[in-house]
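A.B. asks: Quick one: structure below, then a few questions.
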Amino acid sequence: MLKIAVFPNVDKPAARETLDRILAFFADKGVQVMLPIDESRFLDLEAYGVPDIEHAPADIALSLGGDGTLLGVCRRYGEMAVPVCGVNIGTLGFMADIEVGELEQKLQQLLDGDYYVEHRLLLSGFVRHQGREDQRFLGHAINDVVVTKGGVARMLRLGLDINGTHLIDFKADGLIVSSPTGSTAYSLSAGGPIMNPNIRALLLTPICAHTLTFRPLLIDEEDVVHIRISAMHQDIIVTFDGQESFRLLPGDEVIVRKSNVQAGIVKFEDRDYYSVLRDKLWRTDTRPAAGPSAPDPVEERGKL
């Protein structure tokens, strides 16, 4: 029996309607649908609720929301090798591969095994406190690990080392260490380049750097990044995918490296990375643009 864990973002207005369609579709198909226990109680669907769901055996996980929901589900599974498929009921939905209008068609493809799993690099983040040799694991990120100000505060003074080589001391509002997947997230807003998620690299993007010679830097995926906190104020944090945060103190050091586990994202053959990039970021009309010799659409309509 196929086991599918569904993670609805109950803050999204369309979550309940989309979930009802999923339950109706799978009702007569011998599929076990599971929900996190808290969400099942909130939606009055406790018959589907499973405590500690990320440790229950599952073949596929469905996230109902935007990219943030999908990222959170991937992190919840951590080292559990469960592929995650996103159903976009958010705004952009860059990583989610199912739109609401094609829901039943794509669910049938999942049943038929007509999909593939794209493995994405995960980042591991650690902190070493001042005066200590040991480092504490903080968590995984699919998009980015960010050292930044926690609120209204002065700029940060940071030091950057890569593989033990001191690279630069700089002033900025923060530093983003991004995976290729995360290049279209916070890093893009901060002026970083867009990267195909299959590129084997990490991306360092300063946030509002006051050291004008420090620009986004592409490094090898095996490189280890050390960020030293030199600022004297106390309002400093490190965030993981913008969803989990930890306080930092002056003298702390954040270490970011490629994780030894990967995230599995369900994809379908009818979309490739560049078509998604085009449709989500640049235009919604996917028809070929008219060239110099193409007939004017208004004139053509006048001939009918």
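The values are calculated or read from the model by the stated rules, or taken from the named source; none is laboratory data. These figures come from a predicted structure and were not determined experimentally. Note that we place each Cβ from the backbone using ideal geometry, even for glycine, and neighbour counts take in every protein chain shown. Areas reflect the complete protein model, heavy atoms only, side chains present, ligands, DNA and RNA absent. Shrake-Rupley method; radii C 1.70, N 1.55, O 1.52, S 1.80 Å.
A.B. asks: Considering only strands (runs of 3 or more DSSP E) fully contained in segment 168-277, which possess at least 3 residues that are under 30 Å from GLU133 (Cα atoms) and open to solvent by 10 Å² or more (accessible area, probe 1.4 Å)?
C.D. replies: The strands (runs of 3 or more DSSP E) meeting that bar are 217-220, 244-248, 253-267.
A.B. asks: Next up: Cβ-Cβ under 9 Å, sequence separation 6+ or interchain: first residue in segment 45-61 and closer than 19 Å to ARG16 by Cα and of a type in the set (Asp, Glu), partner open to solvent by less than 30 Å² (accessible area, probe 1.4 Å) and outside any helix (DSSP H, G or I). Which pairs?
C.D. replies: Correct list of pairs: GLU46/LEU35.
A.B. asks: I would also like to ask the following. I want to confirm something. Restricting to segment 107-126 and keeping residues that are in contact with a Phe, Trp or Tyr (Cβ under 7 Å, 6 or more places away or on another chain) and buried (at least 21 other Cβ atoms within 10 Å of the Cβ), which single residue is farthest from PRO180 (Cα to Cα)?
C.D. replies: That would be LEU107.
A.B. asks: Filter segment 157-167 down to the residues that are open to solvent by 10 Å² or more (accessible area, probe 1.4 Å), of a type in the set (A, V, I, L, M, F, W, C) and in contact (Cβ under 8 Å) with a residue 24 or more places away in the chain and list them by number.
C.D. replies: If the condition is that a residue be open to solvent by 10 Å² or more (accessible area, probe 1.4 Å), of a type in the set (A, V, I, L, M, F, W, C) and in contact (Cβ under 8 Å) with a residue 24 or more places away in the chain, then ILE162 is the only one that fits.
A.B. asks: Right, here's the next one. Given the conditions (1) within 29 Å of ASP252 (Cα to Cα); (2) at pLDDT 95 or above, report the number of the one that HIS140 does not fulfil.
C.D. replies: The number of the failed condition is (2).
A.B. asks: Quick check on this structure: which one of LEU35, LEU43 is in contact with a Pro (Cβ under 8 Å, 6 or more places away or on another chain) and under 26 Å from ARG120 (Cα atoms)?
C.D. replies: It is LEU35.
A.B. asks: Here is a follow-up. Need at least 3 residues that are in contact (Cβ under 8 Å) with a residue 60 or more places away in the chain and out of contact with any helix residue (DSSP H, G or I) (no Cβ under 6 Å at 6 or more places or on another chain) per element, so show me which strands (runs of 3 or more DSSP E) inside segment 68-156 make the cut, counting only ones lying wholly within it.
C.D. replies: Here the list reads 116-128, 136-141, 144-149.
A.B. asks: Of (1) open to solvent by 20 Å² or more (accessible area, probe 1.4 Å); (2) touching a Leu at 6+ places or on another chain (Cβ under 7 Å), THR91 satisfies all except one. Which?
C.D. replies: (2)
A.B. asks: Collect the residues in segment 24-67 that are assigned to a loop (DSSP other than H, G, I, E, B) and under 24 Å from the mean Cα position of the chain (by Cα), keeping them in residue-number order.
C.D. replies: Within segment 24-67, ASP52, ALA56, PRO57, ALA58, ASP59, GLY66 meet the criteria.
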